[in-house]
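Notes follow the structure.
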């Protein structure tokens with residue numbers, strides 16, 4: 001199984017690199033368009049230089065032969081080999097360096113866009129956080145339907161691949177196993193098992209504890225999931241989903257004055273608000289038109305997330321967060337990674353993320369050359385990744401759809417590689433400019449020497465080869481870039497900045 005997984009990962013990386021090599025940057029395309037006109041023009045000029053003097057004065061053999069030699073020198077020195085090589089070789093080195101360091105960029109065009117990045121937005125779950133959830137709280141609204149709620153929770157969520165779903169499935173199976181092992185309802189074991197369990201996976205016993213899944217399973221974009229269990233429609237999702245179903249809201253307030261269930265729903269709403277204020281990700285279980293349970297899960301922030309955000313801001317980027325999670329959870333994570341609350345956009349459906357991204361681009365990207373970068377990992381991020389100038393996917397935790405949609409894939413999901421990649425992209429653009437200048441300047445000097453009758457055929461050949469060697473060597477410097485050195489530097493800079501902030505607070 002491990003060999004198959006490794007082969008799959010290697011195959012995925014090779015496929016991504018092959019796609020990357022097919023994508024050309026705007027600079028590469030410009031050079032190629034220039035060469036399509038430049039090369040025929042040079043050949044035509046050389047032909048005219050060699051033939052016209054013979055037509056003008058066919059008796060001046062020595063002078064005409066000199067024109068022929070000059071035309072050959074012009075043909076050699078004006079050949080755009082160095083110019084054509086100077087750009088693609090730099091991008092190839094950049095793509096190879098990225099792949100070697102676990103960052104796959106799907107073409108030189110995205111390298112150019114990253115070099116002009118001014119606005120960057122993170123998804124929260126699985127991007128700024130680990131995406132490994134634990135169930136921290138569970139409560140039934142209707143105690144008589146507790147078993148029904150747990151069965152519905154398990155069977156619907158086991159059809160989903162979302163990290164929260166894995167945590168809920170594990171939680172439900174733990175409850176089932178715990179109750180099966182209890183000798184009586186009054187046993188020492190908690191009827192809810194151990195909620196502090198990770199969502200990384202189920203053991204064989206847990207997987208076999210409950211069998212079967214929901215029929216008619218469906219992902220409700222940005223809100224939750226639904227399915228049919230025992231002939232009844234089940235909805236599991238956030239508060240927004242419940243309001244859309246009219247389970248909460250005005251109808252609940254009316255019920256609150258008349259029935260016990262209404263009062264329990266109002267109490268559950270208050271508990272949900274409290275959990276959200278504490279930074280939890282909260283959801284409901286609704287069977288038919290009745291909410292029967294609420295749950296809360298938590299996730300941990302990636303260790304390198306704060307350093308990555310601070311490093312990006314030092315590079316002059318405007319960093320924001322866009323998430324479908326509730327505002328309380330989003331702001332708690334934002335505070336831990338140094339993103340201001342004013343830049344947090346929470347409770348967004350996939351299409352609303354696109355709208356929010358477009359609004360930010362209109363507001364902040366006044367320069368048409370500036371670009372917007374979006375980083376995400378889930379299916380809900382696919383649309384906004386596609387709408388960004390550069391979409392970045394988390395390779396270790398991201399879905400296949402997101403990795404196919406994204407322009408860049410962080411194979412190990414290390415966020416510190418983002419500032420490294422942006423700096424690499426800027427270095428690539430600088431290198432391309434230097435290479436083009438060297439190529440053009442070298443040819444211009446030789447053309448002047450031809451006009452002054454100082455250049456020979458061998459000097460032209462030597463100059464052309466020397467120019468190609470120079471631009472190739474200059475481009476090869478990109479291969480020396482390593483993420484380890486840069487990540488260490490970013491971490492040290494972040495620690496120094498935090499120490500300065502602490503000293504200022506003490507003063």
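Per-residue extension of 0.36 nm, minus the Cα-Cα distance of residue 219 and residue 452, leaves a gain of 76.4 nm for this segment. Extension gain for residue 278 to residue 400 (0.36 nm times residue separation, less C-alpha to C-alpha distance): 40.7 nm.
With the simple model of a label 7 Å out from the Cα in the direction of the Cβ, residue 462 to residue 342 spans 6.3 nm. Along the Cα-to-C-beta direction of residue 426, a point sits 7 Å from the Cα; which residues of region 82-119 have their amide N less than 12 Å from that point? Under 12 Å, as judged by backbone N against the label point of residue 426, lie 115-118 of region 82-119.
In this simple spin-label approximation, residue 60 and residue 36 carry label points 7 Å from Cα along the Cα→Cβ vector, and these lie 3.9 nm apart.
Between residue 440 and residue 100, take the C-beta separation as r, use R0 = 35 Å, and let me know the FRET efficiency to the nearest 0.05. Spell out each step's value before the answer.
Working: r = 31 Å, r/R0 = 0.88.
With a Förster radius of 35 Å, E is 0.70.
Evaluate E = 1/(1 + (r/R0)^6) for residue 72 and residue 92, where r is the Cβ-Cβ distance and R0 equals 35 Å; express this FRET efficiency to the nearest 0.05.
After rounding to 0.05, the efficiency reads 0.65.
Sorted ascending by nearby beta carbons within 10 Å, beginning with the fewest, 242, 374 become 242, 374.
May I ask you to derive the FRET efficiency for residue 132 and residue 233 from their Cβ-Cβ distance with R0 = 30 Å, giving the value to the nearest 0.05?
0.50
We did not get these values from a lab; they are worked out from the coordinates using the rules stated. If you're wondering where the values come from, they're calculated on a predicted model, not measured in any experiment. All Cβ positions, even for glycine, are placed from backbone atoms using ideal geometry, and neighbour counts span all protein chains on display.
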